[in-house]
Amino acid sequence: MMDESGRMGRRRSHHKFSEERELELRLGPPGEEKEEEEDCWSHHHNENKRERNSHESDQSPLSLGYFSAQRIYNFQPKASSFLQNMSMVGKESKDAISSQPCRSEVMEFHNGAVCAEKKALSSPSSANTAASNNSSQKRSAAGPVVGWPPIRSFRKNNASGSTSNSKPPLGSHHHNQHKHHHHHLNLNVEDKVANTTNKEHVNNISGSPNKGMFVKINMDGIPIGRKVDINAYDSYDKLSSVVDHLFRDLLSVQKQKQEEEEKTMILDGSGEYTLIYEDNDGDKMLVGDVPWHMFASTVKRLRVLKKSDLAALSLGGKQGHINH
Amino acid sequence: MTHSGSSLPDLPNSTSTSGPMSEIRSPPPDRVLEIVLENVLHFLTCRRDRNAASLVCRSWYRAEALTRSDLFIGNCYAVSPHRATSRFRRVKSLTVKGKPRFADFDLLPLNWGANFSPWGSALADSYPWLEKLHLKRMSLTDDDLDLIARSFPSFKELVLVCCEGFGIAGIASIAANCRLLRVLDLVESVVEVADEDEEVMDWISCFPEGETHLESLMFECVDCPVNFEALEGLVARSPFLKKLRLNRFVSIPQLYRLMHRAPQLTHIGTGSFCASDDVAVGDQEPDYASAFAACKSLVCLSGFRDILPDYLPAIYPACANLTSLNLSYADVNADQLKPVILQCHKLQTLWVLDSICDEGLQAVAATCKDLRELRVFPVNTREEVEGPVSEVGLEVISQGCRKLQSILFFCQRMTNAAVIAMSKNCPDLVVFRLCIIGRYRPDPETQEPMDDGFGAIVMNCKKLTRLAVSGLLTDQAFRYIGMYGKLVRTLSVAFAGDSDQGLKYVLEGCPNLQKLEIRDSPFGDAALRSGLHHFYNMRFLWMSSCKLTRQACQEIARTLPHLALEVIDSQEDKADDHIEILYMYRSLDRPRNDAPKCVTILQ
């Protein structure tokens, strides 16, 4: 049974989070990143070209060439976009940076299909070269992007919550075509490398993995809460980085007192805060104890609170066990 | 010669010198002119006209300031409350807007600002006669609402759009204390409601007994159950009620009862539009269509929050008269939409979900010849390759709805050809917002960027004032916008452009640009500098995840002292000088002192 908790060390070996893998390769000064990308592309370019069908050449080549890519190793959540996720991942794999040797292993082990998706993005088609004539123009289209598309969360929640009359969930559609699609549905990435029971389970969650599932998230002492779409993420890391982002200004106020410059992720155990959730039985649990999809199917609301306040609550499940 | 205080315009012969009735004298000659002017200026309602009048000379400035009763503050930080209340002494209606629009998408820190409190106290001091308050993207607490409720005995209208920070207690205070209340519209606001296990305050019961003055009650966004009996009683004793928008906790049988109580309603938000939980299958249900037949003045329908599509035919009796229909929370397919839409010949505004597919749009195009505004929202917001609506739907709409003025269209694929077609078929377009959800997506037919499509829009739609672009775009798109978008006031850009030149085209070419919001685009310092000549004419500029450096922002702050440059960053002591977010706006007053730690205001 695959361990899908937020445990960093063990997750490294599961290759479920291929995007994170990609990012490990890119940690380092900007110049280095580009070189690596080009190597990857040339390595995979030919096989990918065969696989892609002509309808999907609508993504620009993959790149982290934006200036903000340089900051991946700063491990700070950003206001923007997809790179926030990448940055947080970069942060957590701080330990992994030094383990250069695993890079090539990753490329081999990781059967390349997801790499293929990404690399499919990178194959310059004639259209894209018109748009971008240097590698710094290439953009990544991986992972959910904060604030994109520009729709307010309450609208997403309501639209997704209704009984579905629309087309059959695209998830099933994608299962057949994921090799060809350079989509970013991480759920499907996960499925591909996981076993079949996992795949079925994903489809069973709230009927459709593509529907949003918004749960309320509050932080102690702050009257204004937010909503997060649990179905948009496939890992505790991603959820945690989003939570960090949502409350970053409030967390950063607390941070003034600390020595380190880095913002710590809520779930990595070293910060002052932690994340708990309430499940459909009303029990309060520590986030990260159960496999992700189990969490995703039972979570009803989330709460950010100080570790010091944990003791005051009576938690269900594993008590006080924080992921490392 | 200055005259003291405020003269009452409707009593031109009363001057500051009070004497016995037998000694009424004519006012001095220059004062006569001013009094005449004040009387005339009363008829000037458009704020742009008033702004122009106030610049003629000092006496016109004063006269205008005394007679402006509707005050519009487009950016709460552009002027201090004190400055506003000092100049305009007799304001009865105030509109204040706070956060920039990108705050709706979580791009702004939670506690960034736009707090209503300072405005609240200033208003309570200066405008005890205040009647209307309209706030957008402001942060206000229950205490603020309580202050409003208690400070203005003539208070009639409260409209809160996209606001947050308050809860049921604040709303209850308004209900209880504003005896002359006509309008209570809570729209798309985040209302803090109690947790499920806590008791929900019954704010509906806080309205006083007896006949009310209510004309409009909108509480769709108040996401907690209401006391239906109290609500029904309230509706029954509100003979002037025309607009009623219910939240999703009101079921269709409850809606039925309310509609029969208030057949004079013109605007209805239907609530959940499904049966309540305790209705078993096979129960005798009322004839819901009769309620819609009874409301003969119904022109606007919205809601349908948890719709059971089986109930949709109930609205048939109202379709022929509908001018506005909002199905954007209703996941209905083309076959379910068609019987409804084919009767809506008078429809001017339509909001839908893309679940209706291109086929549904075809039906809209075939029937709604008078359509002015269309919004198509996505059910699925992931960046997929396939989606239910596409260039086919857009083109069909452009052919059928020639009077279209405003469109917001989310899709997964779009071609230049379809956009060009719309630019030619719909010359009246004022607002064109196209969101291709997959970022950097080129035209799937030609693999070209979407430059030509948007270029055609700015070229052919000569009335265009608002534009939002998406898809794969090069600097060429911005060149078109700079060349042809001469009336554009609001521009939204995301994941677009190649270089500084793109932004330069826009800043140099669009003289009417007032609101510019950009995210994740490669525009840097040189581009920013090219707008120096224009920034004082703008309400704001937002740039996030672009290529700006703090140094460049600092330079601009020094060059233009009346610009506030807010640099918002979650990082401290970074290796390089690049910033995450720049929010820049003109401001007459000192920089605000209520900013959170992550915001630095450059001077």
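The values are calculated or read from the model by the stated rules, or taken from the named source; none is laboratory data. Note that this is a predicted model, so its numbers are computed, not measured. We place every Cβ from the backbone using ideal geometry, glycine too, and count neighbours over all the protein chains shown.
Any residue at all in the range B:520-535 that is within 20 Å of B:Asp106 (Cβ to Cβ), within 14 Å of chain A (Cβ to nearest Cβ) and either in contact (Cβ under 8 Å) with a residue 60 or more places away in the chain or of a type in the set (D, E, K, R) (or both)?
yes
Here is a yes/no grid of residues against (1) more than 14 Å from every other protein chain (Cβ to nearest Cβ); (2) at pLDDT 95 or above; (3) more than 25 Å from the chain's Cα centre (by Cα):
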position	(1), (2), (3)
B:Gln399	yes, yes, yes
B:Lys403	yes, yes, no
B:Lys424	yes, yes, yes
B:Asp428	yes, yes, no
B:Val431	yes, yes, no
B:Tyr440	no, yes, yes
B:Glu448	no, yes, yes
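If you go through the range B:266-307 one residue at a time, how many are more than 19 Å from B:Asn247 (Cα to Cα) and either in a helix (DSSP H, G or I) or within 14 Å of chain A (Cβ to nearest Cβ) (or both)?
4
May I ask you to verify whether B:Ser238 is more than 14 Å from chain A (Cβ to nearest Cβ) and either outside any loop (DSSP other than H, G, I, E, B) or touching a Ser or Thr at 6+ places or on another chain (Cβ under 9 Å) (or both)?
yes
Name the residue, out of B:Arg489, B:Arg519, that is over 18 Å from B:Ile581 (Cα atoms) and modelled with pLDDT of 95 or more.
B:Arg489
Could you check the range B:317-343 and list, in sequence order, the residues that are closer than 17 Å to B:Leu374 by Cα, within 12 Å of chain A (Cβ to nearest Cβ) and of a type in the set (D, E, K, R)?
B:Asp331
Look at B:Val250 and say whether it is within 14 Å of chain A (Cβ to nearest Cβ), among the hydrophobic types (A, V, I, L, M, F, W, C) and in contact with a Ser or Thr (Cβ under 9 Å, 6 or more places away or on another chain).
Numbers: within 14 Å of chain A (Cβ to nearest Cβ): no; among the hydrophobic types (A, V, I, L, M, F, W, C): yes; in contact with a Ser or Thr (Cβ under 9 Å, 6 or more places away or on another chain): yes.
When the stated conditions are applied, B:Val250 does not pass them.
Out of the residues in the range B:573-603 that are hydroxyl-bearing (Ser, Thr, Tyr) and not in a loop (DSSP other than H, G, I, E, B), state the one that is surrounded by the fewest Cβ atoms within 10 Å (Cβ to Cβ).
Checking each candidate, the answer is B:Thr600.
Going by the conditions given, is B:Cys546 in contact with a strand residue (DSSP E or B) (Cβ under 7 Å, 6 or more places away or on another chain), within 14 Å of another protein chain (Cβ to nearest Cβ) and within 23 Å of B:Gly482 (Cβ to Cβ)?
In short, yes.
When the range B:143-160 is examined, which residues are found to be surrounded by fewer than 18 Cβ atoms within 10 Å (Cβ to Cβ) and part of a helix (DSSP H, G or I)?
Answer for the range B:143-160, where residues must be surrounded by fewer than 18 Cβ atoms within 10 Å (Cβ to Cβ) and part of a helix (DSSP H, G or I): B:Asp143, B:Arg150, B:Ser151.
Suppose we keep only residues that are in contact with a Lys or Arg (Cβ under 8 Å, 6 or more places away or on another chain) and crowded, with 19+ Cβ neighbours inside 10 Å within the range B:161-177. Which one would you say is farthest from the other protein chains (Cβ to nearest Cβ)?
Result: B:Asn177.
List the residue pairs whose Cβ atoms are under 8 Å apart, where the first residue sits in the range B:104-115 and is at the interface with chain A (Cβ under 7 Å from one of its Cβ atoms), the second is among the aromatic types (Phe, Trp, Tyr), and the two are 6 or more positions apart or on different chains.
Taking only residues 6 or more apart or on different chains, the pairs are B:Phe105/A:Trp148; B:Leu110/A:Phe247.
Kindly check whether there is at least one residue in the range B:221-229 that is buried (at least 21 other Cβ atoms within 10 Å of the Cβ), closer than 26 Å to B:Leu327 by Cβ and among the acidic types (Asp, Glu).
no
Evaluate the following for B:Ile556: is it more than 14 Å from every other protein chain (Cβ to nearest Cβ), over 23 Å from B:Ile73 (Cβ atoms) and crowded, with 20+ Cβ neighbours inside 10 Å? Full working, then the answer.
Values: more than 14 Å from every other protein chain (Cβ to nearest Cβ): yes; over 23 Å from B:Ile73 (Cβ atoms): yes; crowded, with 20+ Cβ neighbours inside 10 Å: yes.
Criteria met by B:Ile556.
Go through the range B:353-392 and report how many residues are closer than 23 Å to B:Leu464 by Cα, of a type outside the set (Phe, Trp, Tyr) and within 14 Å of chain A (Cβ to nearest Cβ).
Number satisfying all stated conditions: 4.
Criterion first (part of a loop (DSSP other than H, G, I, E, B), closer than 21 Å to B:Phe249 by Cβ and modelled with pLDDT under 95) does B:Asp310 satisfy it?
Judged against the criteria, B:Asp310 is not a match.
Filter the range B:8-32 down to residues that are at pLDDT 50 or above and surrounded by 13 or more Cβ atoms within 10 Å (Cβ to Cβ), then give me how many there are.
Result for the range B:8-32: 2.
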